[in-house]
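The values are calculated or read from the model by the stated rules, or taken from the named source; none is laboratory data. Since we're looking at a predicted model, the values are computed, not measured. All Cβ positions, even for glycine, are placed from backbone atoms using ideal geometry, and neighbour counts span all protein chains on display. Accessible surface areas use protein heavy atoms only, side chains included; no ligands, DNA or RNA. Shrake-Rupley method; radii C 1.70, N 1.55, O 1.52, S 1.80 Å.
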Amino acid sequence: ILYRLKMKKKLAKIKYLPNSFEILEPGENVECAVSGKLIGIENLNYWSVELQEPYYSYKEVFIKKEDINNK
């Protein structure tokens with residue numbers, strides 16, 4: 001069943017820009033780089049331009065920054 005759900009929801013490929021993003025390949029969602037949660041394109045508010053990855057919320061952004069700072 002999970003496989004079927006993932007097949008229905010195609011992941012978009014996105015180029016993350018400083019104040020916006022460009023959809024390179026259409027899709028309904030992107031996957032959070034930290035939690036793996038699906039993010040609807042219409043709800044995408046957090047991303048890293050430098051790392052070119054999306055985040056589900058400010059909490060995942062914080063986790064990612066802490067991870068980078070501890071390396």
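The figures follow:
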read-out: Scope segment 20-36; condition exposed (fewer than 12 other Cβ atoms within 10 Å of the Cβ) and not in a strand (DSSP E or B); matching residues; value: S20, P26, G36
read-out: Subset of segment 19-55 (residues that are polar (S, T, N, Q), under 12 Å from the mean Cα position of the chain (by Cα) and over 14 Å from K9 (Cβ atoms)); value: S35, N45, S48, Q52
read-out: Breaking point among (1) surrounded by 12 or more Cβ atoms within 10 Å (Cβ to Cβ); (2) under 13 Å from the mean Cα position of the chain (by Cα), for Y58; value: (1)
read-out: Scope segment 37-50; condition open to solvent by 30 Å² or more (accessible area, probe 1.4 Å) and of a type outside the set (A, V, I, L, M, F, W, C); matching residues; value: K37, E42, N43, N45, Y46, E50
read-out: Residue list for segment 1-18, filter: at pLDDT 95 or above and either within 20 Å of E66 (Cα to Cα) or surrounded by fewer than 10 Cβ atoms within 10 Å (Cβ to Cβ) (or both); value: P18
